[in-house]
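In what follows, a structure is listed as structure tokens, so that the remarks can point back to it.
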Amino acid sequence: MRSVNSVHIVKQSWTERTEVPDLLAIEEPLEIRIGFGSISDRHQRSLSVTMRTPGHDFELASGFLFTEGIIQHFDQIESIKYCEDVGKQEEKENVVRVELKPEVKIDFEKLQRHFYTSSSCGVCGKSSIDSVRVVCQKIEDQFSMSASVIHQLPDALQKAQKVFEYTGGLHAVGLFNNKGELILLREDVGRHNALDKVIGVVLFKKEVPLSNYILLVSGRASFELVQKAAVAGIPVLAAVGAPSSLAVDLAKEFGMTLLGFVRDQRFNIYCGEQRITSIG
């Protein structure tokens, strides 16, 4: 499945205009559907539509269901496949259906929260914030990491961003161990999608919770990213950009370490400083 598209553009400088080839990151909608109910009474419902970079769609779908609290472990998934009955040929790989085990119970009133507008639009009002929260356990303090290792993470992330290298148009999420070794990376036009893809991988491997890893995101740290990381049990979330105020509040509540502006051999610790050693 392609993640880049070739186009021709016009480059304008102070003195000349030239036509050159260029590569763009592909952005297409992915609809996530769920099948649920008893063996004799199965139903299907469309759960979410997200704009994503094609590829690793099954990881994205399963990671989304997990980080949004719809499933608690991978064994609750019966199967994942692309829908064949969607009509247009170009839509066949843009609709994923996740069949849940018959015993999985779904609170559809609570599921309404999955249709709120996320990311840049934000979440407004206490009642709205409460409606998008996912219940998860507080993160314990057994993990620690050297500040000197954290300084190395942005370069490691950037070197591994193959699609970004050609397009400059994708976010990345990298999962590292406390030695600074990159364990897993995913790229996507959406930060939350890239994170769901990462978590989807480890969910398939049944390696959740991720209590011995640090997560680095290429952009800012939002409420949504903190919550998804907390559900996966990740003790340290680091961002190249700034966190939002809600992200800091939520990280404190979950007992997570939150780092911002991790670049140029510096970073800010917004909470959970006890996990970062050799500061100074």
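Working only within region 185-243, note down all residues that are part of a loop (DSSP other than H, G, I, E, B) and under 13 Å from the mean Cα position of the chain (by Cα). 189, 190, 218, 219, 220, 222, 232, 234 - these are the residues of region 185-243 that are part of a loop (DSSP other than H, G, I, E, B) and under 13 Å from the mean Cα position of the chain (by Cα). Exactly one of these conditions fails for residue 267: (1) of a type in the set (A, V, I, L, M, F, W, C); (2) crowded, with 24+ Cβ neighbours inside 10 Å; (3) touching a residue at least 40 places away in the same chain (Cβ under 8 Å). Give me its number. Single failed check for residue 267: (2). What do you reckon, is residue 171 of a type outside the set (Ser, Thr, Tyr) and surrounded by 24 or more Cβ atoms within 10 Å (Cβ to Cβ)? Spelling it out, it is not the case that residue 171 is of a type outside the set (Ser, Thr, Tyr) and surrounded by 24 or more Cβ atoms within 10 Å (Cβ to Cβ). Checking the structure you have, find out if any residue of region 109-121 is at pLDDT below 90, in contact with an Asp or Glu (Cβ under 8 Å, 6 or more places away or on another chain) and not in a helix (DSSP H, G or I). Looking for residues that are at pLDDT below 90, in contact with an Asp or Glu (Cβ under 8 Å, 6 or more places away or on another chain) and not in a helix (DSSP H, G or I), one finds at least one in region 109-121, hence yes.
Among the conditions (1) buried (at least 22 other Cβ atoms within 10 Å of the Cβ); (2) more than 15 Å from residue 138 (Cα to Cα); (3) in contact (Cβ under 8 Å) with a residue 40 or more places away in the chain, residue 239 misses just one, which is (3). Pairing residues of region 138-159 that are touching a residue at least 12 places away in the same chain (Cβ under 8 Å) with residues that are surrounded by 15 or more Cβ atoms within 10 Å (Cβ to Cβ) and among the basic types (Lys, Arg), at Cβ distances under 7 Å and at least 6 apart in sequence or on separate chains, gives 141/275; 143/275; 144/275; 145/275; 154/263. Output the residues belonging to region 127-168 that are under 22 Å from residue 250 (Cβ atoms), modelled with pLDDT under 85 and either crowded, with 20+ Cβ neighbours inside 10 Å or not polar (S, T, N, Q) (or both). Within region 127-168, 129, 130, 132, 133, 134, 135, 136, 140, 141 qualify.
Are any of the residues in region 60-72 over 30 Å from residue 7 (Cα atoms) and surrounded by fewer than 17 Cβ atoms within 10 Å (Cβ to Cβ)? Yes, region 60-72 has at least one match. Screening region 11-38 for residues that are in a loop (DSSP other than H, G, I, E, B) and among the acidic types (Asp, Glu) and picking the one that is modelled with the lowest pLDDT gives 27.
Could you please give the count of residues in region 244-261 that are outside any loop (DSSP other than H, G, I, E, B), buried (at least 22 other Cβ atoms within 10 Å of the Cβ) and either assigned by TED's automatic domain parsing to the domain that holds residue 65 or in contact (Cβ under 8 Å) with a residue 40 or more places away in the chain (or both)? Result for region 244-261: 2.
Candidates are the residues of region 195-233 that are of a type in the set (A, V, I, L, M, F, W, C) and touching a Ser or Thr at 6+ places or on another chain (Cβ under 8 Å); the one that is farthest from residue 150 (Cα to Cα) is 204.
Residue-by-condition table, conditions (1) at pLDDT 95 or above; (2) in a loop (DSSP other than H, G, I, E, B); (3) within 21 Å of the chain's Cα centre (by Cα):
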| position | (1), (2), (3) |
| --- | --- |
| 40 | no, yes, no |
| 46 | no, no, yes |
| 49 | no, no, yes |
| 55 | no, yes, yes |
| 58 | yes, no, yes |
| 64 | no, no, yes |
| 70 | no, yes, yes |
| 80 | yes, no, yes |
| 84 | no, yes, no |
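The values are calculated or read from the model by the stated rules, or taken from the named source; none is laboratory data. If you're wondering where the values come from, they're calculated on a predicted model, not measured in any experiment. For neighbour counting, all protein chains shown are included, and Cβ atoms are generated from backbone atoms with ideal geometry for every residue, glycine included.
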